[in-house]
Amino acid sequence: NYYNQLILAIVSVITVGIGGGIYLVSNLGTGPRDGLMVGLQEKTNLPIALVRALLEISVVTIGWYLGGVVGIGTLLFAFGIGPCVAFGLYLVDKTFG
């Protein structure tokens, strides 16, 4: 069912975002994209949600330009992961901060 797939995609983006917030706070190192996100956020002082969203949208745009497939899941992730990471960081701060 299409609606079940859509719900699963949304829940997955939220889960990845919250998980990203949790692991970023642990200070055990970041992956390449998260490291770029943190570095750009520190240099620009823009909100982390905006920086991550701009990174993901840039990657999707380049991938599409190179011939990649862009579907609804790709767009959900690109536009949703930034706010979800910011929410994950907020939750960790409120829970353990």
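The values are calculated or read from the model by the stated rules, or taken from the named source; none is laboratory data. Worth saying up front: this structure is predicted, and the values here are computed from it rather than measured. Cβ atoms come from the backbone with ideal geometry, glycine included; neighbour counts cover every protein chain shown.
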field: Spans of helices (runs of 4 or more DSSP H) in the chain with at least 2 residues among the hydrophobic types (A, V, I, L, M, F, W, C), buried (at least 17 other Cβ atoms within 10 Å of the Cβ) and in contact (Cβ under 8 Å) with a residue 40 or more places away in the chain
entry: 2-25, 72-96
- line: Exception for D93 within (1) of a type outside the set (G, A, S); (2) modelled with pLDDT of 95 or more; (3) more than 12 Å from the chain's Cα centre (by Cα) falls at (2)
